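Participant: First the structure, then my questions, so here it is.
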Amino acid sequence: MKNLLFISVFAFVAHVTFAAKRPNILFIMSDDHTSQAVGAYGSRLAELNPTPTIDRLAKEGILFENAFCSNAICAPSRATIITGQYAHTCEVHDLRGGIEPGRQHLAREMKKAGYQTAMIGKWHLKKEPADFDYYSVLPGQGKFHDPEFRVQGDKPWPKNLIKFAGMHSSDAITDQALKWFKEDRDPDKPFFLMHHYKAPHDYFEHAHRYNDHLADVEIPKPYSLHDSHPKGFGSIATRGHKDELVQHIGTSIGGRNPRRSYAKDLPSRFPQDYPEDYDPSKLTERQIQDMAYNVYLRKYLRCVKGVDDNLKRLFAYLEKTGIMDETVILYTGDQGFMLGEHDYQDKRWMYEEAMRMPLLVRYPKSIKAGVRTDAIVGNVDFAPTMLAFAGIKTPGYMQGNSFKSICETGREPSSWPQEAYYRYWMHMAHHDNPGHVGIRTKDYKLIYFYGADYKGGNLTPPAWELYNMKKDPHETRNLYDDPGHTDTVSGLKERLALLRKRVGDNGLDFPATEKVVQEFWDYDDEDRKQAQKISHDFLARRLESLKNPQKKSVPKKK
């Protein structure tokens, strides 16, 4: 009996000691923080020095140039990260999805391995994050100012609330993380903390102390802001037959889209950011667009500054307590964001600015400083990678791969995937983006706009788009019909079909949608004629809806 007791105690001590030697994992994610607004990525905004604290992670760690989400919308991306599964597998196709306790796999696996787990900030997955030891999360989208948080307590979820009157959400989220470190963290265990900011999600309500930040600065513009649909860009799917849908596909910065544009929305929401004598009737369309763009970007970057300044506070605490270098720190956004490119707002697109995520990883014990890699990684790979740093083997139910070795060597394994999969389901919801699917390699991007909702209805014209990402990184020329790229199109279509099978996107969840996907896959002359008719029909419906506006919702699933 004594021997059995000794063995049990020894096994427990060994487990605790082994766990204690594992690194802490700090996963930081902001909402809609795109790579263009991270200084380390060297975009047109880098000269404004938007993220000195976040840039430190790149200087002292590794920067991923080709990190991609598989569905550029908040809830599906977060679900993919917490489960290690694609949206169609974890069944969070759109903003209504949730991950219930028992399927919050990343937290469960960390906890099983002896980690103390916590989730602080924006959760956005509806169900209680009960697989974490500790949580304090915003209700749904949450508020920028005077935020409330759902916490554990005597009442059932979601009735336990704490409030931060007079505070901005970025400040409150950081304060709660620091409080957790000081009061709740168990120093005998490694920790796994998911630290998620609401900022800079639109409508970009920054802390008031940043009201004057960049106020007198003319923000550098993407050249495609004014010339948003030059000859060669897009397809009938995004332009309509003879450009008849340019106004109606993708919400705009300027007045292009009559249903929703920042030029129309921002003056009424933020009059303080416009001149007192602002009168659009006395301005040209370009002047109106330029003014909206500058207001939009200033507010966006003020939110980003709030995140960066708060991370400076958090990192200072980690350094003061000696755990900064004991911690694997990952920084990302839940997807990218369109900052006026092609006159588009929001995310959702498979275009680069929305599909690409910033991804920086710092852990000086095994990651060299100042490394960059063009390896293709996806948000489906995040969970396996964090588990690998914790010494945990990727569970069979996860669909991603660990890129820990890429972090540590800067090199891709010979078997590393050479493509990323993308699928956007919320056809024409909220921001007028057609349903689409596609494949991204290092050299090319092939997008298939099938243009149908969950029931195979509300059709927009189907079409394919091909971009050479090496020669045309801003995606200005669709090469799908270029005779010199016939073999490339054929090869990528075949790879896309195989990739769909490999990731399990077989169409069985929404058969009516899959019927449309298959109907126009070949895209022969008859398909193109039908696309023209669909374009005309959609325009007629849209014009009628503008005459009789009604509140629209996300298309219902079957």
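Participant: Restricting to Cα pairs below 8 Å that are 6+ residues apart, what does the relative contact order work out to for segment 405-470? Please round to a whole percent. Walk me through the numbers on the way to the answer.
Facilitator: Values: 116 pairs, mean separation 15.4, N = 66.
Answer for segment 405-470 is 23 percent.
Participant: Using +1 at the Cβ of each Lys and Arg and -1 at the Cβ of each Asp and Glu in segment 246-312, identify which of Leu297, Asn310, Ile249 lies farthest towards the dipole's positive end.
Facilitator: Ile249
Participant: Tell me the relative contact order for segment 111-217 as a rounded percent, counting alpha carbon contacts under 8 Å between residues six or more apart. The partial results should precede the final answer.
Facilitator: Numbers: 169 pairs, mean separation 31.6, N = 107.
The value is 30 percent.
Participant: Explain nothing, just the number: dipole magnitude of the chain about its Cα centre with +1 on each Lys and Arg Cβ and -1 on each Asp and Glu Cβ, in debye rounded to the nearest 20.
Facilitator: 1400 debye
Participant: Continuing with the same structure: What helices does the chain have that are whole DSSP H segments, at least 18 Å long along their own axis by Cα, and with mean Kyte-Doolittle hydropathy of 1.0 or more?
Facilitator: Both cut-offs are met by 2-20.
Participant: Give me the percent relative contact order of the chain, please, defined on Cα pairs under 8 angstrom at least 6 residues apart.
Facilitator: It comes to 20 percent, rounded to a whole number.
Participant: Per residue of the chain, what 222 nm ellipticity follows from adding -39500 (n - 2.57) for every DSSP H run with n ≥ 4, rounded to the nearest 500?
Facilitator: -9500 deg cm²/dmol
Participant: Now, a different point. Can you put Arg103, Arg541 in order, fewest other beta carbons within 10 Å first?
Facilitator: The most exposed by this proxy come first: Arg541, Arg103.
Participant: Could you tell me which of Met426, Gly456, Tyr467 has its Cα farthest along the dipole of segment 421-547 towards the positive end, charges placed at Cβ (Lys, Arg +1; Asp, Glu -1), taken about the Cα centre?
Facilitator: So the residue we want is Met426.
Coordinate-derived values only; no laboratory data. Predicted, not measured: the structure shown is a model, and the values here were computed from it. All Cβ positions, glycine included, derive from the backbone under ideal geometry; neighbour counts span all protein chains shown.
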